[in-house]
1. What does DSSP give for the range A:87-331 in terms of the percent of beta bridges that are antiparallel, rounded to the nearest 5?
2. In nm, to one decimal, how far is the B:TRP477 label point from the B:LEU165 one, both placed 7 Å along Cα→Cβ?
3. Ranked highest first by average number of other Cβ atoms within 10 Å, how do A:31-43, A:299-311 line up?
4. Sort all Cα-Cα distances of the range A:87-331 into consecutive 10 angstrom bins from zero, then give the percent of pairs in each bin up to the one containing the longest distance.
5. Can you tell me the order of B:361-367, B:321-327, B:431-437 when each peptide is scored by its average per-residue count of other Cβ atoms within 10 angstrom, highest first?
6. Roughly speaking, what is the stretch gain from A:GLU101 to A:LYS255, that is 0.36 nm per residue apart minus the C-alpha to C-alpha distance, in nm to one decimal?
7. Take peptide B:326-335, look around each residue's Cβ out to 10 angstrom, count Cβ atoms belonging to other protein chains, and average those counts.
8. If you take the Cα Rg of the range B:288-413 and divide it by 2.2 N^0.38 Å, with N the number of residues, what do you get?
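The values are calculated or read from the model by the stated rules, or taken from the named source; none is laboratory data. Remember, predicted model here, so these are calculated numbers, not experimental data. Heads up, the Cβs are rebuilt from the backbone with ideal geometry, glycines too, and the neighbour counts pull from every protein chain shown. The accessibility values were calculated without ligands, DNA or RNA, using every heavy atom of the protein model including side chains. Shrake-Rupley method; radii C 1.70, N 1.55, O 1.52, S 1.80 Å.
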Amino acid sequence: MHFALPPRKTSQPPPYLRPAARLPGFRRTRAKLVAIAGLVLLSLVYLIARAQTHSGSSSSSGRSHGAAPVPARTRNPSRGDRGDPPVVIVTVLDETKYTKEYLQAVRENRVQYAEKHGYKTLLATPSDYDLAEAPASWALVPAVRDALTRFPRCAYVWYLDAAGFVMNPRLKLEEDILRPAQLDKLMRRDVPVAGTDGAVKTLASLKAEDAELVLTQDGGEGLAAGSFVLRNGEWAKFFLETWFGPLYRSYKFKKAEAHALEHMLRWHSTILSRVAIVDQHVLNAYNKGAGGQEYKDGDLVVRFPSCSGKACETETRAFVQAWRRAFDAAQG
Amino acid sequence: MDNFSACSRSTSLWGPSRPSRTPTTPMSLSRSTSPIPGGGWATPGLDMTNGRSSPTRAASGTPAAWQQSSRLGRSPGGGSGGSGGSRKNNQYRYPSFSTRTQGFFGRHMRHLSNTLPRFNSSSSYADKEKLGRGRWSPRNTTLSGRVLSLLGRMGRKMKLRLLVLLFFLLALLVLFSSSFVHRWRRSSWWGGGGGERFVMVVGANVGGGVADWKGEKEWAIERHSLHNKKQYARRWGYDLEIVDMKTQKRYAHEWREGWEKADFLRQALQKYPKAEWFWWLDLTTYIMEPSYSLQHHIFSGLARHVYRDINEFNPLNISHPFTDPYLDAESRSPVGDGRPESIHLILSQDCSGFNLGSFFVRRSEWTDRLLDVWWDPVAYEQRHTEWPHKEQDALEELYASHPWVRKHTAFLPQRMINSFPQGACAKDDGGRDERFHYDKKDRDFLVNMAGCEFGRDCWAEMSEFKELSRHLNRSWWDRLKEDVVAAAWENMTGRKAKQ
């Protein structure tokens, strides 16, 4: 076709030239492609992110292994945390069993030791807790549980029976006994839980970091419930609440809570697998006994397993004077 | 312009420039513009024919050529000589162009055959020149080359359509190829269902063993129940663990019958390390709605479905929550910490308390502890005469007295995971109780024929529920057949149609 005249250019040309393309090599047809690719990429990212939150939520619960998620206010200190306070000392003071003067000495002993190291004490009486017809000696279990409630950020709870004194104020519990490297040396592995023979033995493979409960034996006869250290956490609550179960309390164990403890270790692997048994000198030396259990200078604790009432005061007098001297010396 | 060129050519060929060589004989019939007198293109040494390889035709020559040569006065095999010296004997035949236009095929053979696809691409074909010139000839013999060339010749629109079709086919393959779907449902990647997080543990072979032979009905119950579970597990990509309850006999010896559930769950926990939730099912259960996935039915909305405050429904009258002052706030709270992540045991309550015919435990240290302390000889020794339901009662006892158990336990409304037939938890008038009893209008998920072995007919109940489940979950095709066609047949003939 022919035009008579070629089409005219516009008489008002644009003042500037439009750029041919914003990007070299980027054409309108490619914009569509880029848009589609972007959409696909975004959906991939979404799917993967979704999968990760999925598996994340499931695996986190798997990893934390039931250390139940708790609100921040009651969150327990993590492993290695020094805790605030590091240790809570729990003693149940039974006024029907001991004289007032004796209990006063016990109280002073605990408070002075705690002050020296920045610990806290929880000095309870059996009447503080509802034991439901169980012997008063059971009060130690709710007392320790109480300590976990009152000091939710503590690292350890040390239960020390009223029939015992801290003798060596220089020893620091969380440093000289409970530090994993130290505990690793003190732990007795693969030994019968109670007595000298028995099929149930402490784990040979237990790592000190995993130990939740540090216990001693009772002169080779059974387990001693008079002095033990429990690490704060979900396991501790599980352990104490199971120990305090009404069917254990109502069962006529010959030694009440001590035998219930032994029973738990014998029958329940989830408890046995977190228990470290240490030598009696570490936590629970006796004032008299055989087989190397008796107290010697430098031990942290002396206990009087067979004393009661008025006799206790006379039996322990020498030790009371000894710890007061030791504490004064440590102060000065 | 045309005129000019034609003119010049004609003068150069047969114009007066070379009159001497022009033979005196009249022009051959050939219309060829041959430089050779008499016409034709001669090629020395070649038996010149008309491009045909047929020897008979070449020998006889075309009538025109024969006429020509005889007219020239040369006999075949005659002596040499003559102008140019290049003509020898009968070697020189002048091509003839007389067309053999006999018939339609004769005329159009070449045209037709050219339009046909050519499949023979073997290189043994004598005429190599012509290879690869046909329309369909494979220029690149490799498949990819051919495909590429095909794509190259294709329009953009066509390509797009083809892409859409391909995508559609791929989608079909993905959506309906069962193994792919199965794997996708198991994994939590790519938006999959995460079915590998769930394990169903079913206690089979109840009452089996040496002392107690199973009858025909017991076998049938077991077969139907297990088939139901297998189908369900396969459909959603769950793992199914069928455990052999005849070891109950061994436990009976140890006073532990009933508690083997805990042991089986512990074994399953070890066997499926990837799984998170373990679902215990008694043999007398039947999944009525296989189209419900556990994720969708329960776990995606766990916080909405469960209740953790047992006061909501408390047939055992357990005082809740704990009030002991030595417990922490979480233990004294009626709902634990209230977060669905802290739920590690999910069960339901029937009219008489906990029911362990269908319950869930989550992999955790908490669960290890629970399964460990569930059986305790001291508890058993004191309570076995009061515990007709053994492990169920033991769990109730743990729940009632142990705060650590209570704060990680949650309950589902019974009919979400454990509906009863009306024979269980029966009302005095035999009617339905909204809380316990299966209702097909609500399409309850699972039926547990709890206690059917005590005075009820397990097999009758199970086959009834099985048929009901099938009926409720018919495909549209079955619905058409049964509701429309069979009904119409009945109307027409008055006879009931066989289904």
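1. Values: 15 of 31 bridges.
Given both bridge residues lie in the range A:87-331, the antiparallel proportion sits at roughly 50 percent.
2. About 2.6 nm, to one decimal.
3. Values: A:31-43: 10.1, A:299-311: 18.2.
Per-residue mean Cβ counts within 10 Å order the peptides as A:299-311, A:31-43.
4. The calculated distribution, bin by bin, is 7, 33, 40, 18, 1.
5. Numbers: B:361-367: 22.7, B:321-327: 17.3, B:431-437: 15.3.
Answer by packing, highest mean first, reads B:361-367, B:321-327, B:431-437.
6. Numbers: separation 154, 0.36 × 154 = 55.44 nm, distance 2.68 nm.
Stretched out fully, the A:GLU101 to A:LYS255 stretch lengthens by 52.8 nm.
7. 5
8. Details: Rg = 14.9 Å, N = 126, 2.2 N^0.38 = 13.8 Å.
Taking N as the residue count of the range B:288-413, the ratio is 1.08.
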